[in-house]
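Asker: Mind looking over this structure? Questions follow.
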Amino acid sequence: MPPAKHIGIVAVSAEGAAIIGPHNHPQLSMHTYPLSEYMRHIDADRWEEAGQLLLESARKLVAAGAEILICPDNTAHQALDLVRDRSPVPWLHIAEEVSAIAATRRFQRLGILGTRQVIGQLEERGCDAVVLGCTEIPLLISQEHSPLPVLDSTRTLARAALREATREIKAG
């Protein structure tokens, strides 16, 4: 049986580091620069430089054996889009994974939460689900606290990484 693929996590924030779970997971490596390094570029609207930090982390993770990469930070994906084609191995994109789950569950109109708790207003405006689009929001909001179905982007990405890492094992 082939081993699971090695997952590299470009965590960006400490909260993003704990997304995979505690037990039977593939080999993981994580690298991140201090969040202040990212924020210096993000606050100055220098997304290419933030993307370079992602690529530098990616290269370090590939050197450690990573075969696929994820970044559990929603904001940083704006930079990832600029540098993804220069990556040494494939990335799973958080927005693409959430979109796929939303399509599978046949949600048509999604509200996306960053840092404000406005789920009730989104429901009134016609949303049929809400995306928890900030790494820390699932610590504050869960399905039982929401009148709408929730799509947790961080956990969706973690599940996609596990699915991708074990794809050949399940096929073999």
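Asker: Out of all the residues in region 98-129, which are over 15 Å from residue 74 (Cα atoms) and among the hydrophobic types (A, V, I, L, M, F, W, C)?
Answerer: Result: 100, 101, 102, 103, 107, 110, 118, 119, 122, 127, 129.
Here's the yes/no breakdown for (1) more than 21 Å from residue 28 (Cα to Cα); (2) under 15 Å from the mean Cα position of the chain (by Cα):
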| position | (1), (2) |
| --- | --- |
| 106 | yes, no |
| 113 | yes, yes |
| 125 | yes, no |
| 143 | yes, no |
| 159 | no, yes |
| 168 | no, no |
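Asker: Let me ask you something else. Those residues that are under 11 Å from residue 8 (Cα atoms), modelled with pLDDT under 95 and either in a helix (DSSP H, G or I) or of a type in the set (Val, Ile, Thr) (or both), I need them from region 26-60; list them, please.
Answerer: Within region 26-60, 32 is the sole residue that qualifies.
Asker: Identify, please: which residue in region 77-116 is modelled with pLDDT under 90 and part of a loop (DSSP other than H, G, I, E, B) and is, among those, farthest from residue 47 (Cα to Cα)?
Answerer: Among residues in region 77-116 that are modelled with pLDDT under 90 and part of a loop (DSSP other than H, G, I, E, B), the one farthest from residue 47 (Cα to Cα) is 116.
Asker: Follow-up. Restricted to region 38-77, and to residues that are in contact with a helix residue (DSSP H, G or I) (Cβ under 6 Å, 6 or more places away or on another chain) and of a type in the set (D, E, K, R), which residue is nearest to residue 153 (Cα to Cα)?
Answerer: Among those that are in contact with a helix residue (DSSP H, G or I) (Cβ under 6 Å, 6 or more places away or on another chain) and of a type in the set (D, E, K, R), it is 73.
Asker: Going by the structure shown, is residue 72 within 18 Å of the chain's Cα centre (by Cα) and either free of Cβ contacts under 8 Å to residues at least 40 places away in the same chain or not in a helix (DSSP H, G or I) (or both)?
Answerer: yes
Asker: For region 87-116, what are the residues that are touching a residue at least 40 places away in the same chain (Cβ under 8 Å) and touching a strand residue (DSSP E or B) at 6+ places or on another chain (Cβ under 8 Å)?
Answerer: Scanning region 87-116 gives 89, 92, 94, 98, 101, 102, 105, 107, 110.
Residues are listed down the side, and each one gets a yes or a no for (1) in the same structural domain as residue 50 (by TED's automatic domain parsing); (2) under 22 Å from residue 39 (Cβ atoms):
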| residue | (1), (2) |
| --- | --- |
| 82 | yes, yes |
| 86 | yes, no |
| 89 | yes, no |
| 102 | no, no |
| 107 | no, no |
| 110 | no, no |
| 121 | no, no |
| 124 | no, no |
| 131 | no, no |
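Asker: Being of a type in the set (Asp, Glu), surrounded by 16 or more Cβ atoms within 10 Å (Cβ to Cβ) and part of a helix (DSSP H, G or I) is the filter here; which residues of region 117-156 pass it?
Answerer: The one that is of a type in the set (Asp, Glu), surrounded by 16 or more Cβ atoms within 10 Å (Cβ to Cβ) and part of a helix (DSSP H, G or I): 123.
The values are calculated or read from the model by the stated rules, or taken from the named source; none is laboratory data. Keep in mind it's a predicted model, so treat the numbers as computed, not measured. Glycine also receives a Cβ, built like all others from the backbone with ideal geometry; neighbour counts cover every protein chain displayed.
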